[in-house]
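The values are calculated or read from the model by the stated rules, or taken from the named source; none is laboratory data. Note that the coordinates shown come from a computational prediction; the quantities given were computed from them, not determined experimentally. Cβ coordinates were reconstructed from backbone atoms using ideal geometry, including for glycine residues, and neighbour counts include every protein chain displayed.
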Amino acid sequence: MTAVAPLEKTPLERYVAPAKPSLVGLSRVGLSEKLALIGVSEGARKMRAQQIWHWLYVRGAKQFDEMTSVSKELRGALDAHFTLERPEVVAEQISVDGTRKWLLQLPGEHEGERPHQVECVYIPETDRGTLCVSSQVGCTLNCSFCHTGTQRLVRNLTPGEIVGQIMIARDRLDDFIAAKDVPSDSPRLVSNIVMMGMGEPLYNFEAVRDALHVASDGEGISLSRRRITLSTSGVVPNIARTGDEIGCMLAVSLHAVRDDLRNTLVPLNRKYPIKELLEACRNYPGVSNARRITFEYVMLKGVNDSLSDAKELVRLLKGVPAKINLIPFNPWPGSTYECSDWEQIEKFSEIVFNAGYASPVRTPRGRDILAACGQLKSETEKLSARERLALRAMAMTD
């Protein structure tokens, strides 16, 4: 008898904070608490926290010495106890279509332990720049068509490590506009965030929530919640919490219209079947025609791409304000699936569109560097120490 893979993986490790923690990812309250630890008076904490917040999230300061509006004495105390460290870029790949993928090593690892790494992808478009952010080292789930799902789950990311990916992208793209001699209303290069990288965000809910609060704060990174999308494979108990506590746009990795097939493609379905998942979507706080839920549907040849599947998809989503993203399958080494033929994708899309749903076919981006949907995986976990050092040296020379 073939063994059935568990629905969820158990984290192999826990985060261990470094002796000098980074302030990246902290809220104003969190910054105030850190200031209290180094003796800043209660009356001064709110003002000092706001100053640090501005330097960190508006101007993109990387060192405390850059914070010229903060007293030299306080800068010295901050430097003695904390850092402004972001993840380290170990390698950068740039696709022929302009997509960038960064392999990031997370700060705070103890000497002798294996470095923890995640991948983060930036997708430039004519009207926006979308950053695909990871929420876990590895992934909780075992979705059979997803490369990331073949990776072990090492641990959850902290709020600082999630926000750190945004900071790194803005660093690399020179996107901290307040630090430049340009108008403050200049277009943002990182204008949209999608929690669609490595990991299942709703199995790291509190950290993702806290990180997205920092990202959406109007006096800092200042990304509209309507420009932040969280994608879930269907962790039903946390869907309502996402609407209530984060208020961002929701995307659901559906990929099948029958429980028997979805049990194989997205094994979490055995715990939260389609009917239960769609009921949670109908009740998502704030859902409306102006704030539609995106349903992601990967097109797998001969598996889920029949015209009867398209008609059933329309029937299932009746009454749900929705957009349906059809995703051509992005191949990865060892996968047994094939992408649906383009003619079949167009026929499928036509049925969905004629039923009144927007049904864009997502243009694959970054396939040549394994940066497309479902392709993320920290390949360097297989590399030797010498190879990892070589990659890091290449990144430092960019």
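Among the residues of the stretch 126-168, the one identified as outside any helix (DSSP H, G or I), touching a Gly at 6+ places or on another chain (Cβ under 7 Å), within 21 Å of Arg100 (Cα to Cα) and β-branched (Val, Ile, Thr) is Val133.
Under the condition of being modelled with pLDDT of 90 or more and either part of a strand (DSSP E or B) or of a type in the set (Val, Ile, Thr) (or both), the residues counted in the stretch 175-218 number 7. Of the residues contained in the stretch 46-55, one or more are found to be under 15 Å from Ala215 (Cα atoms) and surrounded by 18 or more Cβ atoms within 10 Å (Cβ to Cβ).
Picking from residues in the stretch 61-77 that are in contact with a Phe, Trp or Tyr (Cβ under 7 Å, 6 or more places away or on another chain) and either assigned by TED's automatic domain parsing to the domain that holds Gln165 or outside any helix (DSSP H, G or I) (or both), the one that is surrounded by the fewest Cβ atoms within 10 Å (Cβ to Cβ) is Ala61.
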